[in-house]
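The values are calculated or read from the model by the stated rules, or taken from the named source; none is laboratory data. On a predicted model such as this, the values are computed, not experimentally measured, just so you know. FYI the Cβ positions are ideal-geometry reconstructions off the backbone, even for glycines, and counts take in every protein chain you see.
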Amino acid sequence: MYSFICLSAYSQQLKWNQAYQTYINKYKDIAIAGMLEHGVPASISLAQGILESSAGLSDLAQRSNNHFGIKCHGWLGRTVYHDDDARSECFRAYDTVWDSYEDHCLFLKTRPRYNSLFGLDRTDYRGWAYGLKRAGYATNPSYAKQLISIIELYGLNQYDRATDYDHFMVRRGGIDLYNPGTVPLCGKEKTANGGGAHILYKYNDNYYVIVRPSDTFKSLSKEFNISQHKLARYNERGMRDALRVGEFIWLMKKKKKAPKNFKGFLYTVHSSESLYDISQKYGIRLKSLIKKNKALAEEGLRIGDKVRLY
């Protein structure tokens with residue numbers, strides 16, 4: 001199999017790498033989905049993807065979405081040619097990274113030489129790693145140890161015990177996700193981010209982006225493959241409403257209340273905030289927030305008012 005990693009580095013202790021962690025954050029749900037469907041441990045898929053694609057940064061991965069170095073072998077789909085063991089070898093090309101992960105699982109399931117692996121427990125990542133090496137997946141003698149080192153350093157075996165996955169992330173084929181923790185970010189912190197894809201933030205079991213100049217519901221609809229109508233409805237707005245730089249736009253229907261850690265907490269109103277502004281900040285439906293704060297909704301918010309979120 002194809003790999004861009006400098007293999008001699010694995011003779012020494014593997015060190016934490018931000019590119020590897022970013023890759024894991026983006027594709028762990030795809031790996032879990034493949035495991036639950038086909039039986040290939042998520043830890044193994046992720047570790048192999050990291051090794052074979054240089055954490056998604058290799059030329060082959062960038063040009064063809066091929067994250068596992070799988071060569072053509074009678075493949076009837078799109079192909080690319082790249083120098084590997086020999087010059088201009090034929091490799092499979094995919095429309096999305098999800099397609100590459102799916103084909104990797106099917107590649108292992110349909111080759112008799114890998115049959116014995118599917119008799120192992122899916123949490124036996126060591127057995128899988130050595131089994132892949134014995135079956136000839138890679139020629140490097142340290143291949144199994146490399147996989148195990150990555151799995152153990154990044155705790156990938158935790159995903160082998162998963163019983164579900166984030167369907168939103170899988171449908172979008174892997175997105176660089178930032179999880180701000182227990183409170184949403186201030187919108188001003190990230191609006192300086194230039195062109196290109198938005199950073200996706202997770203909060204209150206939902207996802208949001210921070211509006212940048214020239215963003216519209218139409219442009220966000222195209223980027224995230226969510227209908228313009230749904231995006232506007234999720235954010236309780238009109239489809240043609242102008243978006244303010246720095247505000248949050250939620251990508252799924254908002255919740256009826258803030259996260260559980262806000263139970264008993266009262267939010268203090270700042271400047272000229274409205275209940276809608278607060279509902280957007282915490283990913284709460286405006287109708288639900290009004291029900292929790294009927295008196296304030298009737299009288300109008302003033303600086304210093306206390307708003308119930310949970």
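Structure notes:
- Taking the criterion of being touching a Cys at 6+ places or on another chain (Cβ under 9 Å), small (Gly, Ala, Ser) and buried (at least 24 other Cβ atoms within 10 Å of the Cβ), the only residue of region 35-75 that qualifies is Ser45.
- Every residue from region 262-310 that is polar (S, T, N, Q) and not in a loop (DSSP other than H, G, I, E, B): Thr268, Ser279, Gln280, Ser288
- Residues that are in contact with a strand residue (DSSP E or B) (Cβ under 9 Å, 6 or more places away or on another chain), over 20 Å from Lys133 (Cα atoms) and not in a helix (DSSP H, G or I) do not occur anywhere in region 19-27.
- Residue check: Arg237 meets all listed conditions (1) part of a loop (DSSP other than H, G, I, E, B); (2) touching a residue at least 40 places away in the same chain (Cβ under 8 Å); (3) basic (Lys, Arg) but one, namely (2).
- In region 83-96, the residues that are in contact (Cβ under 8 Å) with a residue 12 or more places away in the chain reach residues that are in a loop (DSSP other than H, G, I, E, B) and acidic (Asp, Glu) with C-beta atoms within less than 8 angstrom, at least six apart or across chains, in these pairs: Glu89/Asp83; Phe91/Asp84.
- Residue check for Asp99: surrounded by 16 or more Cβ atoms within 10 Å (Cβ to Cβ) and either in a helix (DSSP H, G or I) or among the basic types (Lys, Arg) (or both): yes
- Pair list, Cβ < 6 Å and 6+ apart or interchain, from region 143-163 residues that are over 12 Å from Ala31 (Cβ atoms) and crowded, with 21+ Cβ neighbours inside 10 Å to residues that are at pLDDT 95 or above and of a type in the set (Val, Ile, Thr): Ile150/Ile50
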